[in-house]
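K.L.:
Here you go, one structure.
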Amino acid sequence: MADTVERIALVTGANKGIGYEIARQLAQAGVSVLLGARDAARGAAAADRLVAEGLTVAFIPLDICDPDSVAAAAAKIATEHGRLDILVNNAGISVVGDGAPGTVPIDVVRQTLETNFFGALAVTQGVLPLLRKSEAGRIVNVSSTLGSLKLNNDPAYSGYEVRLAGYNTSKAALNMLTVQLANELRDTRITAVSVCPGLTQTDLNGHMGNRSAAEGAAAPVRLALATANDALGLFQDEHGSLPW
């Protein structure tokens, strides 16, 4: 896409943490950012803080688990912008009680998948017609190495003992969504990728990460801003490709 054309991005779950920093860094790169959040007060406040920094950011109400909310957000983007260039499926949860598959409550797994996989799928389907109108559409799914089947089976992997049947499965499913989207859209101008931001200090993990939200946002932003299809269907982090 020509540099003179302002790109439009939607970032889900962007009122705090990695999503907020993704919104900030995209806006700093000249992208017009729609900051999606379920909580209207928090979402509006987050957008106002970024606007105060001189950035082009607007709050858009979006509960990714509510079909009506997703449809309303897509309709608002269509009316106000006519297209979407970047979708960052960042919104995600980690539910208390998640654990090993032999004992984890089924409702915990179901709740996790509802947000981390079904929510991302719903938003993607909702805005796909708008992405098709972009000169270089981008779908960035914020995943995790905990969703890698290969790494989960490798005792040398640092997260090998992290047995979260809900969270790990949801990120593996999100990665599958990336693979299938890349295949479905291979003859279009839309690219789909998965990206791991690394172990980042956020509310999701009780701020136990080893990197800041700004650092965690760097890889998703890099992939969101790229317009070539060199990363089509790949799973990456800041260092390059990751195993599925």
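All of the numbers you see were taken from the coordinates with simple rules; none came from a lab. Since the structure is predicted, the reported quantities are computational estimates derived from the model, not experimental observations. Reconstructed Cβ throughout: ideal geometry from the backbone, glycine too, with neighbour counts over all protein chains shown.
K.L.:
Using the Kirkwood formula over every pair of different C-alpha atoms, what hydrodynamic radius in Å results for region 145-199?
P.N.:
For region 145-199, inverting the mean 1/r across all distinct Cα pairs yields 12.3 Å.
K.L.:
How large is the convex hull of the Cα atoms of region 25-119 per residue, expressed in Å³ as a whole number? Mind showing how you got there, number by number?
P.N.:
Values: hull volume 11.4 nm³, N = 95.
Convex hull volume per residue, Cα atoms: 120 Å³.
K.L.:
If we count other beta carbons within 10 Å of each Cβ, what is the order of Leu50, Leu10, fewest first?
P.N.:
Numbers: Leu50 21, Leu10 28.
The fewest-first ordering by Cβ neighbours comes to Leu50, Leu10.
K.L.:
Using only helices, what value at 222 nm comes out for the chain when you add -39,500 (n - 2.57) per DSSP H run of length 4 or more and divide by the total residues, to the nearest 500 deg cm²/dmol?
P.N.:
Details: 8 runs with 96 residues, N = 244.
Rounded to the nearest 500, the figure is -12000 deg cm²/dmol.
K.L.:
Mind checking which of Leu55, Leu121, Leu151 has the largest fluctuation in a GNM of the chain, springs on alpha carbons under 10 Å?
P.N.:
Looking only at Leu55, Leu121, Leu151, the largest GNM fluctuation is found for Leu151.
K.L.:
Now for a different question. Near Lys16, which lysines are there with a Cα under 30 Å away, not counting those fewer than 8 places off in the same chain?
P.N.:
List returned: Lys76, Lys133, Lys171.
K.L.:
Could you give me the radius of gyration and the Dmax of region 2-66, taking only the C-alpha atoms into account and expressing both in angstrom?
P.N.:
Just the Cα atoms of region 2-66 yield Rg and Dmax of 11.1, 35 Å.
K.L.:
Once both axes come from the Cα atoms, what is the angle between helix 165-184 and the longest principal axis of the chain, in degrees from 0 to 90, rounded to 10?
P.N.:
Rounded to the nearest ten degrees, it is 50.
K.L.:
Sort Val95, Val11, Val123 so the one with the fewest other Cβ atoms within 10 Å of its own Cβ comes first.
P.N.:
Final ranking by Cβ density, sparse to dense: Val95, Val123, Val11.
K.L.:
Along its principal axes, what span do the Cα atoms of the chain show, with the longest given first and each in whole Å?
P.N.:
51, 40, 33
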